[in-house]
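Take a look at the structure below.
The values are calculated or read from the model by the stated rules, or taken from the named source; none is laboratory data. This structure is a prediction, so every number in the text was calculated from the model and none was measured. Quick reminder, even Gly has a Cβ in these numbers, built from the backbone with ideal geometry, and neighbours come from all protein chains shown.
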Amino acid sequence: MADAMNLPTGVVTFLLTDVEASTRLWRESSDAAAAMQRHATLIADAVARHGGVQPVEQGEGDSTVSAFARASDALYAALAAQRALRAEHWPAGAAVRVRMAVHTGEAELRAPGLYGASCRRRVRRRAGAVARRRRRVRAPRARRAPPARHWLGRPHADRRKVVELVAAGLTNREIAAKLFVSLATVKTHLIHVFTKLDVRSRAELASAATSRAIERSKS
């Protein structure tokens, strides 16, 4: 793979991936951590074989972002990754299925190895639109009641885990290792939580989390 500090610029094609039903997998399978690590390796290998680059800052949780100078290389990498994922012998109950989207557009660098925030937002919005179109063409299913609203806002299992581990006294690096996510992902979760709860320190966050947990247990 090309050096992650030398990302393509100008008109760039991005390959974005995200594991389907990853929260359920983490909850129900003891092999989830190994499966997620293996899935990331298979995608990285496919990207490398087709000349792609994975920026220093990846997506949240189990999602990945790769950049290609040529759109055809991104498509070949996506196909190779899906074939490798399908051929993998996953542990029972820990099979990994991955959504993928390809987006081409202009990209600017914020720093070596990092794309600018506006570029990342455009790519994410485009990938979200692709996912929404896929959902619309599926057969209709019975409507389910919405999940109970969590005190952090919209349901977000990874964000809750980060808060719980902060309250337990773990550092950002320890949290990243425990949840198998990047350090940047942990920092992103904490920025959202600090803003949501209007706290300014980890001690205040731990206190707020404990108070909310007590309130929920009484309700």
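Residues in region 67-86 that are in contact with a Ser or Thr (Cβ under 8 Å, 6 or more places away or on another chain) and either outside the structural domain of ILE43 (by TED's automatic domain parsing) or of a type in the set (Phe, Trp, Tyr) (or both): PHE68 only.
What residue, among those in region 44-57 that are farther than 23 Å from HIS189 by Cα, aliphatic (A, V, I, L, M) and surrounded by fewer than 20 Cβ atoms within 10 Å (Cβ to Cβ), is nearest to the chain's Cα centre (by Cα)?
Within region 44-57, the subset farther than 23 Å from HIS189 by Cα is 44-53.
Checking which are aliphatic (A, V, I, L, M) leaves us with 44, 46-48, 53.
Applying the additional criterion that residues be surrounded by fewer than 20 Cβ atoms within 10 Å (Cβ to Cβ) yields 44, 48.
Details: ALA44: 14, ALA48: 20 Å.
It comes out as ALA44.
In summary, ALA21 fulfils each of the numbered conditions (1) surrounded by 15 or more Cβ atoms within 10 Å (Cβ to Cβ); (2) touching a Lys or Arg at 6+ places or on another chain (Cβ under 9 Å) with the single exception of condition (1).
Helices (runs of 4 or more DSSP H) fully within region 113-206 that include at least 1 residues being in contact with a helix residue (DSSP H, G or I) (Cβ under 6 Å, 6 or more places away or on another chain), under 17 Å from TRP26 (Cβ atoms) and at pLDDT 60 or above: 157-167, 172-179, 183-197.
Looking only at region 28-71, filter to residues that are part of a loop (DSSP other than H, G, I, E, B) and among the acidic types (Asp, Glu); which one of those is modelled with the highest pLDDT?
The initial filter retains those residues of region 28-71 that are part of a loop (DSSP other than H, G, I, E, B), namely 29-31, 50-52, 54-63, 69-70.
Checking the rest, the ones that are also among the acidic types (Asp, Glu) come to 31, 57, 60, 62.
Numbers: ASP31: 89, GLU57: 68, GLU60: 67, ASP62: 81.
Per the stated criteria, the residue is ASP31.
Within region 64-75, if we keep just the residues that are over 27 Å from ALA34 (Cβ atoms) and of a type outside the set (A, V, I, L, M), the residue that is surrounded by the fewest Cβ atoms within 10 Å (Cβ to Cβ) turns out to be SER72. Among the conditions (1) surrounded by fewer than 21 Cβ atoms within 10 Å (Cβ to Cβ); (2) β-branched (Val, Ile, Thr); (3) touching a helix residue (DSSP H, G or I) at 6+ places or on another chain (Cβ under 9 Å); (4) over 18 Å from ALA107 (Cα atoms), THR41 misses just one, which is (3).
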